[in-house]
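First the structure, then my questions, so here it is.
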Amino acid sequence: MSENTSSEPVGALAADPGDVGRRVALRRRELGLTREETAARAGMAPNYLEYLETRPAEVDTGSLLRLAGALETSESQLLGGGVDLPPGRGDAAARPVLETLDPAECWARLSEHGIGRVAFSTPLDPVVLPVNYQVLDGAIVYRTAAGSVPATAVGHRVAFEVDHMDEALSQGWSVLMTGPAELVTRPAGSGRPAHGTGPTPWAGGQRDVWVRIAPDAITGRVIRVH
């Protein structure tokens with residue numbers, strides 16, 4: 001019988017080191033839980049959870065199962081399963097309730113920054129594009145490159161949409177805003193973040209064009225499970 005010379009712990013699940021910890025930390029913050037509360041739910045030491053969230057580490061099967069239960073999600077989600085598939089592939093909950101969000105609740109859902117979708121018409125076709133945004137002075141601001149498609153939104157009315165889905169519970173929310181998109185040329189403190197701040201596009205590259213969406217209509221919906 002051959003001897004197992006691998007340094008990987010028995011029962012460990014394959015994932016890029018550190019990825020699981022980042023997903024655990026994100027899900028914990030989504031639920032509003034402290035590390036101590038999460039560790040208590042999962043039956044593990046808070047120090048171990050801190051280590052997992054902050055350093056590259058392998059997670060054994062038992063710990064992953066307990067964390068998934070504590071965070072009301074699945075082991076697959078914590079491992080990054082389904083990242084190449086569209087969201088919302090699960091079944092609907094038994095008793096979902098669709099509710100309307102008022103404007104204040106919509107702004108609260110958008111938080112300070114995130115990823116949203118800007119939609120507008122071009123001379124060829126309508127387009128919908130994901131952008132990293134920041135909420136600033138009652139408006140949406142995003143950065144893009146000169147001559148890019150997102151930059152052509154300037155001077156047009158656009159729609160801006162943000163949503164979030166809880167795959168484990170089959171619930172989520174969406175916010176839709178509409179209004180004019182304008183080029184931001186004013187100095188910092190007047191609709192444009194200071195130098196070195198603001199939304200950082202995940203796409204990288206030189207993106208010095210700032211676009212501001214001043215919404216004049218805001219609607220939102222949330223699906224709750226009771």
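The values are calculated or read from the model by the stated rules, or taken from the named source; none is laboratory data. Computed from a predicted model, the values in this text were never measured in an experiment. All Cβ positions, glycine included, derive from the backbone under ideal geometry; neighbour counts span all protein chains shown.
Which residue, of 150, 126, 180, 201, is at pLDDT below 90 and over 30 Å from residue 96 (Cα atoms)?
201
Just the residues that are touching a residue at least 60 places away in the same chain (Cβ under 8 Å) and within 30 Å of residue 30 (Cα to Cα), please, taken from the stretch 142-163.
Selection gives 142, 143, 144, 150.
From the residues in the stretch 183-195 that are in contact with a Phe, Trp or Tyr (Cβ under 9 Å, 6 or more places away or on another chain) and either modelled with pLDDT of 90 or more or within 16 Å of residue 133 (Cα to Cα) (or both), which one is surrounded by the fewest Cβ atoms within 10 Å (Cβ to Cβ)?
It comes out as 183.
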